Amino acid sequence: MGFQDTPEEWQVTATATPFTGNKTSVRTDDVVMPDGSVHSRDYQVHPGSVAVLALDEDGRVLVLRQYRHPVRHKLWEIPAGLLDVPGENPLHAAQRELYEEAHVKAEDWRVLADVYPTPGGCDEAVRIFLARDLSEAEGERFEVAEEEADMELARVPLQELVRGVLAGDLHNNCLVVGVLSLTAVLAGDGVDSLRPAQAPWPARPFEV
């Protein structure tokens, strides 16, 4: 069978939401441990996200540089965004983010990886897509604001990003997982071995 993560839910005897924000909230659960003791666990409740590793015909990855206030850094990232609507199809959300952040569309979509970025403190689930056969999107560019108003756009060779990750120069979770996963795929069974873009996602169920 190999190694795989399995769903499990320990008993919760009480729950509270001490903070509710614009997009996320904080929840406190009293959880029964295997020895019968009960302990409080605080975590962020998150709608989920999608990210897009967009690879062009020259083997370059589309990346964005954006200010992230919690870590006080400008990070190179791949296009990404929240699942704004409960049950939203993640492929549609990914296509929207690629259009809004890079004004690019793609003809070929695959699921590259599904991850829980910080499972010890947040229930966020992220689906990372591989997008290929890129072209300029039609219509007007999306009007950016706030942190995105200062965003930079570049296309960088995949192996240059891999070197940056291993050197400790690049830190964004989705970029790190995306470029290393794609490198493994290209060195192994190839892109055709990846799951289809509409593959089920138990962490964030959706309708096709």
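Restricting attention to segment 58-103, the residues that are assigned to a strand (DSSP E or B) and among the hydroxyl-bearing types (S, T, Y) total 1. Within 30 Å of A102 (Cα to Cα), in contact with a Phe, Trp or Tyr (Cβ under 9 Å, 6 or more places away or on another chain) and either free of Cβ contacts under 8 Å to residues at least 60 places away in the same chain or among the hydroxyl-bearing types (S, T, Y) (or both): is that true of S25 in this structure? Yes; evaluated as a whole, the condition is true for this residue. In segment 67-79, is there at least one residue being assigned by TED's automatic domain parsing to the domain that holds L170 and closer than 23 Å to G139 by Cα? Among the residues of segment 67-79, at least one is assigned by TED's automatic domain parsing to the domain that holds L170 and closer than 23 Å to G139 by Cα, which makes the answer yes.
If you go through segment 22-57 and keep only what is over 24 Å from R204 (Cβ atoms), of a type outside the set (G, A, S), outside the structural domain of P79 (by TED's automatic domain parsing) and part of a loop (DSSP other than H, G, I, E, B), you end up with M33, P34, D35. Residues that are outside any helix (DSSP H, G or I) and crowded, with 21+ Cβ neighbours inside 10 Å within segment 168-192 comprise just one, N172.
Residues that are in contact with an Asp or Glu (Cβ under 6 Å, 6 or more places away or on another chain) and either in contact (Cβ under 8 Å) with a residue 24 or more places away in the chain or surrounded by 16 or more Cβ atoms within 10 Å (Cβ to Cβ) (or both) within segment 1-22 comprise just one, T13. Filtered by the rule that a residue be surrounded by fewer than 21 Cβ atoms within 10 Å (Cβ to Cβ) and among the acidic types (D, E), segment 76-95 gives D84, E88.
Scoring A106 on the criteria (1) within 17 Å of G59 (Cβ to Cβ); (2) in a loop (DSSP other than H, G, I, E, B) leaves a single failure, condition (2).
Note on segment 21-31: among residues that are of a type outside the set (D, E, K, R) and at pLDDT 95 or above, the one that is farthest from P47 (Cα to Cα) is V31. If you go through segment 96-117 and keep only what is crowded, with 18+ Cβ neighbours inside 10 Å, closer than 17 Å to A199 by Cα and either free of Cβ contacts under 8 Å to residues at least 24 places away in the same chain or charged (D, E, K, R) (or both), you end up with R110, D114. When H92, H103 are checked against the criterion of being under 28 Å from S25 (Cα atoms) and outside the structural domain of T17 (by TED's automatic domain parsing), a single residue qualifies: H92. The residue that is modelled with the highest pLDDT, among those in segment 109-166 that are more than 18 Å from the chain's Cα centre (by Cα), in a loop (DSSP other than H, G, I, E, B) and among the small types (G, A, S), is A137. The set of residues in segment 33-75 that are among the β-branched types (V, I, T), under 17 Å from E124 (Cβ atoms) and surrounded by 17 or more Cβ atoms within 10 Å (Cβ to Cβ) comprises V50, V52.
The values are calculated or read from the model by the stated rules, or taken from the named source; none is laboratory data. Quantities reported herein were computed from a predicted structural model and do not represent experimental measurements. Cβ: placed from backbone, ideal geometry, glycine included. Neighbour counts: every protein chain shown.
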